[in-house]
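Participant: Encoded as structure tokens, here's the structure I'll be asking about.
The values are calculated or read from the model by the stated rules, or taken from the named source; none is laboratory data. Just so it is clear, the model here is predicted, and its values are computed rather than measured. Counting neighbours? That spans all protein chains shown, and the Cβs are built from the backbone with ideal geometry, glycine included.
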């Protein structure tokens with residue numbers, strides 16, 4: 001828990017203390033309830049898992065499906081409107097800002113054919129996803145990548161990429177350095 005809280009302090013200049021993070025950060029609460037819901041999901045108590053997940057959504061505005069796979073030190077900053085779908089796989093030290101969707105692209109018809117199939121993205125370690133970004137489908141976002149605010153990503157993203165736009169395109173090479181909201185000098189220079 002201490003490493004988790006310290007990882008948030010390292011990524012958020014507004015984080016004044018660990019106590020403030022625990023008591024007031026909705027992303028921390030959402031991850032806490034996710035861990036409980038995930039326990040019940042793994043034990044095949046799906047109704048209990050979904051009730052816990054929906055309670056967390058009510059409290060925080062963040063929806064994490066109980067069956068999603070979440071790595072260490074996920075930081076959901078601000079959080080309102082974040083959706084992490086059922087077959088999402090989120091690596092370690094990922095930062096997600098408000099309004100982000102890790103979603104599927106399949107229509108709701110033929111739902112039986114979509115059960116137990118990977119439908120949501122895999123996010124590798126140290127990725128930053130800017131506010132409003134939509135990452136859709138069973139794609140892979142490579143480690144250390146930065147996804148700019150409001151980008152729509154529907155294809156695999158290589159490691160160390162900087163993705164911006166609709167549809168998202170790679171505009172440069174990212175460093176290991178953390179960039180809030182995935183804003184880089186390259187993204188600032190990019191013509192719209």
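Participant: Name, by its number, the condition in (1) closer than 25 Å to residue 25 by Cα; (2) outside any strand (DSSP E or B) that does not hold for residue 135.
Facilitator: (2)
Participant: State yes or no: is residue 99 in contact with a helix residue (DSSP H, G or I) (Cβ under 6 Å, 6 or more places away or on another chain) and either assigned to a loop (DSSP other than H, G, I, E, B) or in contact (Cβ under 8 Å) with a residue 60 or more places away in the chain (or both)?
Facilitator: Against the criterion (in contact with a helix residue (DSSP H, G or I) (Cβ under 6 Å, 6 or more places away or on another chain) and either assigned to a loop (DSSP other than H, G, I, E, B) or in contact (Cβ under 8 Å) with a residue 60 or more places away in the chain (or both)), residue 99 does not qualify.
Participant: Being in contact with a strand residue (DSSP E or B) (Cβ under 9 Å, 6 or more places away or on another chain), on the phi < 0 side of the Ramachandran plot and surrounded by fewer than 17 Cβ atoms within 10 Å (Cβ to Cβ) is the filter here; which residues of segment 141-158 pass it?
Facilitator: Those that are in contact with a strand residue (DSSP E or B) (Cβ under 9 Å, 6 or more places away or on another chain), on the phi < 0 side of the Ramachandran plot and surrounded by fewer than 17 Cβ atoms within 10 Å (Cβ to Cβ): 152, 154, 156, 158.
Participant: Here's a follow-up. Here are some residues: 173, 127. Which one is surrounded by fewer than 17 Cβ atoms within 10 Å (Cβ to Cβ) and without any contact (Cβ under 8 Å) to a residue 40 or more places away in the chain?
Facilitator: Answer to the check: 173.
Participant: Further question on the same structure: When you go through 43, 30 one by one, which is the residue that is within 18 Å of the chain's Cα centre (by Cα), on the phi < 0 side of the Ramachandran plot and at pLDDT 95 or above?
Facilitator: 30
Participant: Right, something else. Take the residues in segment 1-24 that are within 13 Å of residue 78 (Cα to Cα) and touching a strand residue (DSSP E or B) at 6+ places or on another chain (Cβ under 7 Å), then tell me which one is surrounded by the fewest Cβ atoms within 10 Å (Cβ to Cβ).
Facilitator: Result: 11.
Participant: Another question about this same structure. Checking the condition surrounded by 21 or more Cβ atoms within 10 Å (Cβ to Cβ) and part of a helix (DSSP H, G or I), which residue from 79, 27 passes?
Facilitator: Criteria check complete, one pass: 27.
Participant: Given the residues 150, 155, 116, which is the only one that is assigned to a loop (DSSP other than H, G, I, E, B) and without any contact (Cβ under 8 Å) to a residue 12 or more places away in the chain?
Facilitator: Checking each option against the conditions leaves just 116.
Participant: Is it the case that residue 44 is assigned to a helix (DSSP H, G or I) and either out of contact with any strand residue (DSSP E or B) (no Cβ under 9 Å at 6 or more places or on another chain) or surrounded by 19 or more Cβ atoms within 10 Å (Cβ to Cβ) (or both)? First the steps, then the outcome.
Facilitator: Numbers: assigned to a helix (DSSP H, G or I): no; either out of contact with any strand residue (DSSP E or B) (no Cβ under 9 Å at 6 or more places or on another chain) or surrounded by 19 or more Cβ atoms within 10 Å (Cβ to Cβ) (or both): yes.
The answer is no for residue 44.
Participant: Also: Take the conditions modelled with pLDDT of 95 or more and farther than 20 Å from residue 60 by Cα and apply them to residue 121. Does it pass?
Facilitator: Spelling it out, residue 121 is indeed modelled with pLDDT of 95 or more and farther than 20 Å from residue 60 by Cα.
Participant: Within segment 82-99, track down each residue that is surrounded by 22 or more Cβ atoms within 10 Å (Cβ to Cβ) and within 16 Å of residue 138 (Cα to Cα). Lay out the reasoning, then the answer.
Facilitator: Looking only at segment 82-99, we keep the residues that are surrounded by 22 or more Cβ atoms within 10 Å (Cβ to Cβ), and these are 82, 84, 88, 90, 94-97.
Once the filter is applied, which keeps residues that are surrounded by 22 or more Cβ atoms within 10 Å (Cβ to Cβ) and within 16 Å of residue 138 (Cα to Cα), segment 82-99 yields 84, 88, 90.
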